[in-house]
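Here is the structure we will look at.
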């Protein structure tokens, strides 16, 4: 089915139903938040009932989007009841349904139709309709194209949410798949009142002195072997430096500055025997395939996964897999 045909099908669903649940993935980011909020505001502007459910904590740097007002306003039981009674479940920027975590079972058990909008490769089983375009730098670009297709009015709240999404997922308009469409979209959102200088500061300059000192200590711990470079973040380190998991976000992009490294990894010990792994690559290395081997997913050059094993074993297994498949030697 062509993309435009899918847009027409989605529009018909949005127009002919009234109650919606909008969800995205655990360990949320700017694209997940921006996309869900843009769609939320669009539906609310149309007089629809809409609710957003995103698992995990919302990073404080996104407070300007009024996340506390619009997202996760219900406890687990009430959230499950709402998901069960909506007409349509809209899942954005997910890559894998399991990343819904506590909302996975309520979504799968709900009688509502399920629709997905994503720029990640996904397993399309489980959706009544999936709108996927892996050539886009952010899910918000697909959503914006949909809004343009149906000639929707984009108000300031929607514009700010969409800009947040593309700014963050493009790494400040510099990652792969940032193209003419991205800049044309950004230009229109600026015309609608978005302040690009203020937005950059909110997304990329929201750290603090303690966080910067912690990053310095982490950079001193970077290890490398061949074209691999990685760093390990232990629970002890987080407690000692008094920083949160969210405040580690961004360190992997600093590792990209190593011109000799083709693949970068950050191993974060979320709790004992539970490790989050972030992967980035350059020079044509497919880290999405690596993440899939460990039950995760993502893009060609940016991916991740979570493993319930000790940190040392996760690091050892991951590095061994990269080297065994000769991925670290590509470039």
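Restricting 167, 143 to those that are in a helix (DSSP H, G or I), in the same structural domain as residue 57 (by TED's automatic domain parsing) and closer than 24 Å to residue 8 by Cβ reduces the list to 143.
Filtered by the rule that a residue be in contact with a strand residue (DSSP E or B) (Cβ under 6 Å, 6 or more places away or on another chain) and surrounded by 19 or more Cβ atoms within 10 Å (Cβ to Cβ), region 111-121 gives 112, 114, 115, 116, 117, 118. Of everything listed in (1) within 29 Å of residue 207 (Cβ to Cβ); (2) in contact with a strand residue (DSSP E or B) (Cβ under 8 Å, 6 or more places away or on another chain); (3) in a helix (DSSP H, G or I), the single unmet condition for residue 275 is (3). Among the residues of region 283-296, the ones that are crowded, with 20+ Cβ neighbours inside 10 Å and in a loop (DSSP other than H, G, I, E, B) come to 2 in all.
For region 188-200, the set of residues classified as out of contact with any helix residue (DSSP H, G or I) (no Cβ under 6 Å at 6 or more places or on another chain) and loosely packed, with under 12 Cβ neighbours inside 10 Å consists of 191, 197, 198, listed by residue number. Only one residue in 154, 122, 117 is outside the structural domain of residue 299 (by TED's automatic domain parsing), touching a residue at least 24 places away in the same chain (Cβ under 8 Å) and not in a loop (DSSP other than H, G, I, E, B). Which one? Selected residue: 117, the only one of 154, 122, 117 that is outside the structural domain of residue 299 (by TED's automatic domain parsing), touching a residue at least 24 places away in the same chain (Cβ under 8 Å) and not in a loop (DSSP other than H, G, I, E, B). Against the list (1) crowded, with 22+ Cβ neighbours inside 10 Å; (2) within 28 Å of residue 135 (Cβ to Cβ); (3) touching a strand residue (DSSP E or B) at 6+ places or on another chain (Cβ under 7 Å), the condition residue 299 fails is (3).
Residues that are within 24 Å of residue 324 (Cα to Cα) and more than 25 Å from the chain's Cα centre (by Cα) within region 230-264 comprise 259, 260, listed in sequence order.
Would it be correct to say that residue 312 is part of a helix (DSSP H, G or I), at pLDDT 90 or above and either within 20 Å of residue 31 (Cα to Cα) or outside the structural domain of residue 133 (by TED's automatic domain parsing) (or both)? Here the answer is yes, as residue 312 does meet what is asked. Take region 17-42 and flag every residue that is surrounded by fewer than 18 Cβ atoms within 10 Å (Cβ to Cβ) and not in a loop (DSSP other than H, G, I, E, B). Hit for region 17-42 is 19, nothing else.
Of the residues making up region 10-21, not a single one is on the phi > 0 side of the Ramachandran plot and either touching a helix residue (DSSP H, G or I) at 6+ places or on another chain (Cβ under 8 Å) or in contact (Cβ under 8 Å) with a residue 12 or more places away in the chain (or both). Take residue 270 and tell me if it is in a loop (DSSP other than H, G, I, E, B), outside the structural domain of residue 26 (by TED's automatic domain parsing) and surrounded by fewer than 19 Cβ atoms within 10 Å (Cβ to Cβ). Against the criterion (in a loop (DSSP other than H, G, I, E, B), outside the structural domain of residue 26 (by TED's automatic domain parsing) and surrounded by fewer than 19 Cβ atoms within 10 Å (Cβ to Cβ)), residue 270 does not qualify. For region 185-229, residues that are over 20 Å from the mean Cα position of the chain (by Cα), more than 27 Å from residue 285 (Cα to Cα) and not in a helix (DSSP H, G or I) total 5. Does region 273-280 include one or more residues that are at pLDDT 90 or above, outside the structural domain of residue 160 (by TED's automatic domain parsing) and more than 21 Å from the chain's Cα centre (by Cα)? Scanning region 273-280, I find at least one residue that is at pLDDT 90 or above, outside the structural domain of residue 160 (by TED's automatic domain parsing) and more than 21 Å from the chain's Cα centre (by Cα), so the answer is yes. Output yes when any residue across region 161-175 is surrounded by fewer than 22 Cβ atoms within 10 Å (Cβ to Cβ), closer than 21 Å to residue 122 by Cβ and modelled with pLDDT under 95, and no when none is. Within region 161-175 (the criterion being surrounded by fewer than 22 Cβ atoms within 10 Å (Cβ to Cβ), closer than 21 Å to residue 122 by Cβ and modelled with pLDDT under 95), the answer is yes, since at least one residue qualifies. Residues in region 234-244 that are surrounded by 17 or more Cβ atoms within 10 Å (Cβ to Cβ) and either part of a loop (DSSP other than H, G, I, E, B) or touching a helix residue (DSSP H, G or I) at 6+ places or on another chain (Cβ under 6 Å) (or both): 241, 243. Among the numbered conditions (1) closer than 23 Å to residue 176 by Cβ; (2) in contact (Cβ under 8 Å) with a residue 40 or more places away in the chain, the only one that residue 294 does not meet is (2).
Considering the conditions (1) free of Cβ contacts under 8 Å to residues at least 12 places away in the same chain; (2) not in a loop (DSSP other than H, G, I, E, B), residue 174 is excluded by exactly one of them, (2).
The values are calculated or read from the model by the stated rules, or taken from the named source; none is laboratory data. Quantities reported herein were computed from a predicted structural model and do not represent experimental measurements. Note that we place each Cβ from the backbone using ideal geometry, even for glycine, and neighbour counts take in every protein chain shown.
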